[in-house]
Amino acid sequence: MTPIQTPSIFAPVSTPAFAIRDLSLFVLGITAVIFLIVAGFAAYTLIRFGRRPTNPAVEPAQVYGSTQIELAWTVVPFLIVVVLFLVTARYVWGIERRAQPPDALEITIVGNQWWWEIRYPKLGIVTANEIHVPVSDAARPTPTFITLESADVAHSFWVPQLAGKMDVIPNKTNRIWIEPRTPGTYVGQCAEYCGLQHGLMLLVVVVHPRDEFERWVAAQQAPARDDPATRAGRELFASLACINCHTVRGTPANGVFGPDLTHLMSRWTIGAGAARNTHENLQAWVNDPSTLKHGALMPAMKLSRRELDTLTAYLVTLK
Ligand code: CUA
């Protein structure tokens, strides 16, 4: 995994994010001019009229009911607001009305307390927290259209370098699209307070060149590895409550409550950013997830040391 940039709306790499950056600069430009005028007048007044011996006998000129001044400070701000409104509406409309082209990749993302399920319905892939998409170039545009659903409470999907923010609401389907032009790894976060571990709902979007994306798809579509050396761990896993919540394709594990583990080790973190996905951390997680992510719905498995070693040895083969 490459080092990750701090997410910023000023470093866009995807069509809607470029539009949002341009609009933001436009609004910032206008508000900066207003700020300079207001602050300029304030500074001028402070310098010009400050600290002078006052003569209470002489009152400054009193101005009442100047139609010209009142019109100016009503009409000018009104026009500024109209301009900001119209320009913003045009950008929002431009992003919202984009029709889904036939080549688009379709993804469904389901917000959960506190992780993201990532489904590729047409490709038969289910993963978690880390979204892989192809880069889109002018010659062959391949945007990704995302359907957003929630399994529990309101979350919000936000990867600032790729698109705007979209709420993820229970019993409602929202849509958003991205069209990344530059391969790389981009991060985001759940942007709507959703409970204790709202801060640990990391979103990672890996944008691949086309051939690399196709290799990723092929790897994810493959059934889970069945390494004879870790058969004992595989049997232990199948005998435990793990399989009620997790799926490992090609095994009796077909639970859907927790993340799909078929290619667990292809992921960079455990617990949506709670820890790096290493053998050691995975073992700690299985032993008691609350040590890494307090409040996580997965229970401590209460395994003996030996069982824990056997089980983890199996899990790390799920590449
Ligand atoms: Cu999910 Cu905040």
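Throughout, read-outs are computed from the coordinates displayed, never taken from laboratory work. What you see is a predicted model; the values in this text were computed from it and never measured. Methodologically, a virtual Cβ is constructed for each residue, glycine included, from the backbone with ideal geometry; neighbour enumeration extends over all protein chains shown.
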Please report the spacing between the Cα centers of the stretch 103-175 and the stretch 252-319 in Å, no decimals. 23 Å
Going by average Cβ density within 10 Å per residue, which order do the peptides 162-168, 207-213 take, highest to lowest? 162-168, 207-213
Tilt of helix 15-49 relative to the longest C-alpha principal axis of the chain, in degrees (0 to 90, nearest 10)? 30 degrees
Whole-Hz ³J(HN,Hα) for each residue in the stretch 236-242, computed from phi via Karplus 6.51 cos²θ - 1.76 cosθ + 1.60 with θ = phi - 60°, x for glycine and proline: what do you get? 4, 4, 5, 8, 9, 5, 3
Restricting to the chain, what percent of DSSP beta bridges are antiparallel, rounded to 5? 70 percent
Could you work out how far helix 305-315 tilts from the main Cα principal axis of the chain, as a 0 to 90 degree angle to the nearest 10? 70 degrees
From the residues Tyr314, Ser66, Phe26, which one has its Cα farthest along the dipole of the chain in the positive direction, the dipole being from +1 and -1 charges on Cβ of Lys/Arg and Asp/Glu about the Cα centre? Ser66
Can you find, among Gln220, Phe35, Val286, the residue farthest towards the positive end of the dipole of the chain? Put +1 on the C-beta of Lys and Arg, -1 on that of Asp and Glu. Phe35
Most mobile of Tyr186, Tyr120, Tyr64 per a Gaussian network model of the chain (Cα springs, under 10 Å)? Tyr64
Return one number: the angle in degrees, 0 to 90 and rounded to the nearest 10, between the long axis of the Cα atoms of helix 210-221 and the longest principal axis of the Cα atoms of the chain. 50 degrees
Which one, Ile169, Ile125, Ile37, has the greatest fluctuation when you compute a Gaussian network model over the chain with C-alpha springs under 10 angstrom? Ile37
What is the magnitude of the charge dipole of the stretch 183-310 about its Cα centre, with +1 placed on the Cβ of each Lys and Arg, -1 on the Cβ of each Asp and Glu, and no other charges, expressed in debye to the nearest 20? 160 debye
Full-extension gain in nm, Arg48 to Ala151, via 0.36 nm per residue minus C-alpha separation: 30.9 nm
Prolate/oblate/rounded label for the stretch 192-274 (Cα gyration tensor, a/c 1.5): oblate
With +1 on the Cβ of every Lys and Arg and -1 on the Cβ of every Asp and Glu, the dipole magnitude of the stretch 117-219 about its Cα centre, in debye rounded to the nearest 20, is 220 debye
GNM result for the chain, Cα springs below 10 Å: residue of Val135, Val38, Val205 fluctuating most strongly: Val38
What number of lysine-lysine pairs in the chain show an alpha-carbon separation below 29 angstrom, given a sequence spacing of 8 or more or placement on distinct chains? 8
Where nothing but the Cβ of Lys and Arg (+1) and of Asp and Glu (-1) is charged, how large is the charge dipole of the chain around its Cα centre, in debye to the nearest 20? 340 debye
Evaluate E = 1/(1 + (r/R0)^6) for Thr291 and Glu106, where r is the Cβ-Cβ distance and R0 equals 35 Å; express this FRET efficiency to the nearest 0.05. 0.40
If the label point is 7 Å along Cα→Cβ of Trp268, which residues in the stretch 129-173 have backbone nitrogen under 17 Å from it? 129-135, 158-163
